[in-house]
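**Q** What follows is a single structure, and I will ask about it in a moment.
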Amino acid sequence: MRDSILITADDFRRLKVMIRAARQIWRHGTYVNALERELRRANIIPSSEVPGDLVTMNSRVRLCDAQSGGRDLLTLVYPHTAGQYPGFVSVLSGLGTAILGTQVGDVLRARTAEGLRFFQVERILYQPEAEGDTHL
């Protein structure tokens, strides 16, 4: 697990706006607080400098569960999109916050409904920046 993560300037800006909006709606901001902690340890980079193996917002990734060996395909999305399709995971969930800014090969820990779990980022199947989709 790394001491810092990489986040695009666009994602950082959009996430900060989302956090401000969430604070006005929710009284208990446990998930918002966790995301803010992640953003504090982030190194912010321009979208044009994003490595192809970095999990950014709207990336589709394959994770391997370190305990079971099971694999999951997930797309990291904003809360209003989570749950619309199978595998869409909100950045405000424990797993969503944990995978933001990680890179292929990284091992991460996430609080899930099943408790604390460890995952390895195996592959990026889609990354908006690599495809020129920086508007997402």
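The values are calculated or read from the model by the stated rules, or taken from the named source; none is laboratory data. Because the structure is predicted, anything quoted here is derived from the model rather than measured. Positions of Cβ are backbone-derived with ideal geometry, glycine not excepted, and every protein chain shown enters the neighbour counts.
**Q** Say we look at segment 83-124 and pick out the residues that are among the polar types (S, T, N, Q) and in contact with a Leu (Cβ under 8 Å, 6 or more places away or on another chain); which of these is farthest from LEU54 (Cα to Cα)?
**A** If we take residues in segment 83-124 being among the polar types (S, T, N, Q) and in contact with a Leu (Cβ under 8 Å, 6 or more places away or on another chain), then THR112 is farthest from LEU54 (Cα to Cα).
**Q** Hey, ILE7 hits all of (1) more than 12 Å from the chain's Cα centre (by Cα); (2) closer than 28 Å to GLU131 by Cβ; (3) among the β-branched types (Val, Ile, Thr) but one; which does it fall short on?
**A** (1)
**Q** May I pose another question? What number goes with the only condition from (1) of a type in the set (Lys, Arg); (2) within 23 Å of ALA130 (Cα to Cα); (3) in a strand (DSSP E or B) that ARG14 does not pass?
**A** (3)
**Q** Need a quick list: strands (runs of 3 or more DSSP E) entirely within segment 32-136 having at least 3 residues that are within 14 Å of the chain's Cα centre (by Cα) and at pLDDT below 95.
**A** The strands (runs of 3 or more DSSP E) meeting that bar are 107-112.
**Q** Scan segment 36-68 for residues that are free of Cβ contacts under 8 Å to residues at least 60 places away in the same chain, crowded, with 18+ Cβ neighbours inside 10 Å and of a type in the set (S, T, N, Q) and jot them down.
**A** Scanning segment 36-68 gives no hits.
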